[in-house]
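The next block holds one structure in the form of structure tokens; read it before the comments.
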Amino acid sequence: TSGLVVVGKTRRAVDGMRQLFESRLVHKTYRALVILGNASHISEGDAGTIDAPVGGRRALTHWRCVRVVPSLRHGALAELELRPHTGRTHQLRVHCASTLMSPILGDKLYSSDSCTTNESGCGLHLCATGIEFAHPLRGAEWGPPSTVCVTTEPPPKFAARCRREAQRYQRMCAEA
């Protein structure tokens, strides 16, 4: 997974962040490119909630489809916004592959896709794009509470992959 990372500069900050994560008071947002295949069971604008166990424990993920791109190789790709409520190991990867039946592009563990890191723009297409939490040291002794909200765009390889897939598809349709 690429994208945002939170780092505590002091022991108190690290302990405070750990407590926020354990209490599920950190709100995380991810973007992923998933393989829809030919079924195209997800459309742009679709959204939902996945409540399915991961590793035998309850796991909850909210998702929304940002865009769908036709693909000769994969049938179609979708860019999803994912918001995990729980934080299970590989939760987003398992939920996309098993529940949505749309594995994340480049996921060698949960997909049979042959996309490899040797191919241009490949690797796991999952990126942490947003995080929001109450500052762990703000409050009674450090002044009024403050909310930290940081966002970033998905890496350029997401847009490049979508653009390449759409161009290949259009060329093939024009030739047909």
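The values are calculated or read from the model by the stated rules, or taken from the named source; none is laboratory data. Every value quoted in this text rests on a predicted model; they were computed, and no experiment measured them. Counting neighbours? That spans all protein chains shown, and the Cβs are built from the backbone with ideal geometry, glycine included.
Name the residue that is nearest to the chain's Cα centre (by Cα), counting only residues in the stretch 1-25 that are of a type in the set (Lys, Arg) and surrounded by 11 or more Cβ atoms within 10 Å (Cβ to Cβ).
Among them, the one singled out is 24.
Need pairs with beta-carbon distance below 9 Å; first residue farther than 18 Å from residue 80 by Cα and within the stretch 152-170, second surrounded by 14 or more Cβ atoms within 10 Å (Cβ to Cβ) and β-branched (Val, Ile, Thr); sequence gap 6+ or separate chains.
169/69
Only residues that are farther than 18 Å from residue 122 by Cα and surrounded by fewer than 16 Cβ atoms within 10 Å (Cβ to Cβ): list them for the stretch 91-109, please.
98, 101
Return yes when residue 87 is over 23 Å from residue 156 (Cβ atoms) and either of a type in the set (S, T, N, Q) or at pLDDT below 95 (or both) and no when it is not.
So residue 87 passes the test.
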